[in-house]
1. Looking at Phe19, Phe38, Phe5, which one is of a type outside the set (Gly, Ala, Ser), at pLDDT below 95 and surrounded by 15 or more Cβ atoms within 10 Å (Cβ to Cβ)?
2. Quickly run through segment 25-45 and pick out the residues that are over 15 Å from Arg98 (Cα atoms) and within 13 Å of the chain's Cα centre (by Cα).
3. Does segment 40-67 hold any residues that are over 16 Å from Val22 (Cα atoms) and either within 6 Å of the ligand (Cβ to nearest atom) or of a type in the set (Asp, Glu) (or both), and which are they?
4. Evaluate segment 52-69: report whether one residue or more is part of a loop (DSSP other than H, G, I, E, B), open to solvent by less than 50 Å² (accessible area, probe 1.4 Å) and touching a Gly at 6+ places or on another chain (Cβ under 6 Å).
Amino acid sequence: MESPFIEVAQADAIEPGKFIRVEVASKPYLIARVDERFYAVEDNCSHEDYPLSYGCLDGARIKCSLHGSRFSLETGQPEDEPADEPIRTYRVECAEGRLWLDLSNPLNER
Ligand code: FES
C-alpha cells in the first residue's frame, strides 16, 4: 500500500514558536512548531475564507488576524468567538530531518 505521507519541508526550516505556509496540490496548509512538536492545519479560518497564516501563534494555538479567534493546533477547535467551527488538522511526521503530511484523512472533521 502506498504511503499517504507527502514530503513538504525541512524540519529545521521552522524554528520553535514559528510556522510556515506550504501548498500541496494548490491548497494551503500551515505547519507550526511548538517546542519540539509539529502541527499541521488547513491555512484557512473556519469563520471566513481568510488565511490563518496572516495571524500568529499563541502557544499551541493559531490566532486569526481578522477577527481574533484562536484555534487549537491539536484539535482544530475554536477557543474564541466569532468562529464556531473547527479547522481541519492533519498528521505530520518528522523523519530524517524532513516533515511529511498525511492529507488523505483529516484528524478531525467538521
Ligand atoms: S476570519 Fe478568522 S475569526 Fe473571522
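1. Details: Phe19 fails: at pLDDT below 95; Phe38 fails: at pLDDT below 95.
The match here is Phe5.
2. Narrowing segment 25-45 to residues over 15 Å from Arg98 (Cα atoms): 25-30, 34-35, 41-45.
Passing the criteria: Lys27, Pro28, Tyr29, Leu30, Val34, Val41, Glu42, Asp43, Asn44, Cys45.
3. His47, Glu48, Asp49, Asp58, Cys64, Leu66, His67, listed by residue number.
4. Yes.
The values are calculated or read from the model by the stated rules, or taken from the named source; none is laboratory data. Remember, it's a predicted structure, so these values are computed and weren't measured experimentally. All Cβ positions, glycine included, derive from the backbone under ideal geometry; neighbour counts span all protein chains shown. Each accessible area value is taken on the protein alone, full model and side chains, heavy atoms only, with ligands, DNA and RNA left out. Shrake-Rupley method; radii C 1.70, N 1.55, O 1.52, S 1.80 Å.
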